[in-house]
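Asks: Structure incoming, see below.
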Amino acid sequence: MSGAEPSVPAARAAPQPSRRAAAGSAGGQRRASRLVDIAQAVGVHTSTVSRVLNGDPAQSVRPEIYEQILRTARQQGYRPNALARALKRRRTGAFAFVVPLLRNPIWVRLQRGALQRAAERGYVVMIMEEPTDDPKPPGSYRYLVEESRADGLLIATALRVEEHADGVRIAPHVYVNRRGPRRGNNVVMDEPGAVRIFVDHLAGLGHRAIALIDGSPEVDTVHRRVSAARRICAARGISLAVIHTAATEEGGWDAANQLLRRRPRPTACGVGSLNQLFGVMAALRQAGVPVPDAMSLVSFDEDECLAFLDVPVTSVAMPLAELGSAAVDALIDRVDAGPARDVLVREPMKLVLRDSAAKAPQTGTTIAPGVG
């Protein structure tokens with residue numbers, strides 16, 4: 001054995017952090033996955049990953065590589081860069097939805113349908129509220145498209161007034177629960193069908209004198225509902241009194257007091273909005289008019305809260321979520337330069353029976369047809 005010093009193993013280089021570990025920040029948070037991370041994990045070029053994840057129809061990738069790219073993207077939680085995608089496609093991937101009176105829960109149902117459908121089709125929706133007493137003309141929102149803030153407009157605030165007659169020009173848009181100045185951009189529900197359900201129910205209970213408390217006739221939805229009510233009641237020999245008022249609790253309160261001063265008094269009443277309904281019920285309660293013994297009530301807004309009132313209120317349930325979904329589909333067609341077409345959403349629509357509508361009082365009097 002020689003006297004040479006024993007050899008010392010060469011020092012190993014300190015282990016380098018893995019690419020996955022390096023992706024974390026100093027705080028331990030993982031950096032968002034990028035196209036290059038997926039490409040390195042799969043062993044392909046970044047452009048191949050980009051084509052696959054963007055659904056490029058021209059891409060030609062072996063099926064097993066295609067599936068591996070998708071699987072790796074899911075595992076890494078990859079999310080596309082919205083700004084880069086918008087610049088490449090000249091699309092923002094966003095719509096602006098202009099609605100009135102957000103405090104009305106009925107609009108929440110409609111918005112939920114729109115938001116869900118938009119997400120399914122790769123879009124987001126920005127909600128903008130305008131007051132119902134002085135909404136801007138629809139053309140006021142065109143700048144959102146012109147400034148590349150949104151790809152299209154969902155307009156639910158248009159009125160039947162001269163200032164709104166020009167509508168929205170050039171920018172992709174649809175009118176939701178409204179009709180615009182020209183055909184081909186309207187997505188609405190079957191208001192005459194809802195009125196028919198309402199009248200059929202009350203007529204079946206023996207009511208021959210009914211009232212309709214609703215919003216401003218400048219609102220297209222109200223106009224269609226009232227027009228249908230006049231036509232259907234006239235055809236059946238049923239007296240109809242119509243009171244237009246603000247779509248608020250105060251508006252319902254004032255309208256109910258007007259109704260109670262009528263002689264003779266209707267025995268049943270339909271109410272156009274949930275907010276108005278609460279005002280109507282408060283006025284009837286204060287006046288000592290029992291529901292439904294002296295006045296039957298039916299709401300044209302359905303909400304679960306109606307089942308928990310002192311007198312649960314019968315309602316006509318409208319296809320609001322379906323309306324929002326159909327509006328998004330129609331707007332995507334406009335953005336993609338598809339043919340303009342109006343959409344009528346009929347189903348599902350039903351009468352929700354509760355306790356607020358009963359047989360007409362035996363001592364009830366009638367109003368001469370056509371009054372109101």
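The values are calculated or read from the model by the stated rules, or taken from the named source; none is laboratory data. All figures in this text were calculated on a predicted structure; none of them were measured in a lab. Glycine gets a Cβ as well: all are built from the backbone with ideal geometry, and neighbour counts include every protein chain shown. Just the protein is used for accessible areas: all its heavy atoms, side chains included, with ligands, DNA and RNA removed. Shrake-Rupley method; radii C 1.70, N 1.55, O 1.52, S 1.80 Å.
Asks: Grab the Cα-Cα distance for ARG91 and VAL36, subtract it from 0.36 nm times how many residues apart they are, and report the gain in nm with one decimal.
Replies: 17.5 nm
Asks: What is the set of long-range amide H partners of ASP190 at a cut-off below 5 Å, with H atoms built 1.01 Å from backbone N?
Replies: HN-HN under 5 Å from ASP190: VAL345.
Asks: Using the Cβ atoms and a cut-off under 14 Å, what net charge is assigned to the surroundings of VAL313, where Lys and Arg are +1 and Asp and Glu are -1?
Replies: Net of charged neighbours comes to -4.
Asks: What does the net charge come to around ALA73 if you take all other residues with beta carbon closer than 12 Å to its beta carbon, with K and R at +1 and D and E at -1?
Replies: +2
Asks: With θ taken as phi - 60° and the coefficients 6.51, -1.76 and 1.60, list the Karplus ³J(HN,Hα) couplings across segment 151-162 in order, rounded to whole Hz; mark glycine and proline as x.
Replies: 7, x, 10, 10, 10, 10, 10, 5, 10, 8, 10, 4
Asks: Here's something else I'd like to know. Residue by residue through segment 234-241, what is 3J(HN,Hα) from phi via Karplus (6.51 cos²θ - 1.76 cosθ + 1.60, θ = phi - 60°)? Round to whole Hz and write x for glycine and proline.
Replies: For segment 234-241, the Karplus curve yields 4, 5, 9, x, 9, 6, 10, 10 Hz.
Asks: Further question: What residues qualify as long-range amide H neighbours of VAL219, i.e. H under 5 Å apart, gap of 5 or more or another chain, H built at 1.01 Å from N?
Replies: Those qualifying (amide H under 5 Å, at least 5 residues apart or on another chain) are ARG160.
Asks: For MET126, list long-range residues whose amide hydrogen, built 1.01 Å from N in the peptide plane, is under 5 Å from its own amide hydrogen.
Replies: Hits under the 5 Å cutoff: PHE95, ALA96, PHE97.
Asks: What do you get for GluC sites (Glu not before Pro) in segment 134-165 restricted to DSSP loop and a cutoff of at most 15 other Cβ within 10 Å of the site's Cβ?
Replies: For GluC sites (Glu not before Pro) across segment 134-165 that sit outside H, G, I, E and B with at most 15 neighbouring Cβ atoms in 10 Å, the list reads GLU147.
Asks: Another one. Please state the Cα pair-distance histogram of segment 115-218 with 5 angstrom bins from zero: what percent is in each bin?
Replies: 2, 10, 17, 19, 16, 12, 9, 7, 4, 3, 1, 0
Asks: Given a 1.4 Å probe, how much area per residue of segment 127-208 is accessible, in Å²?
Replies: 46
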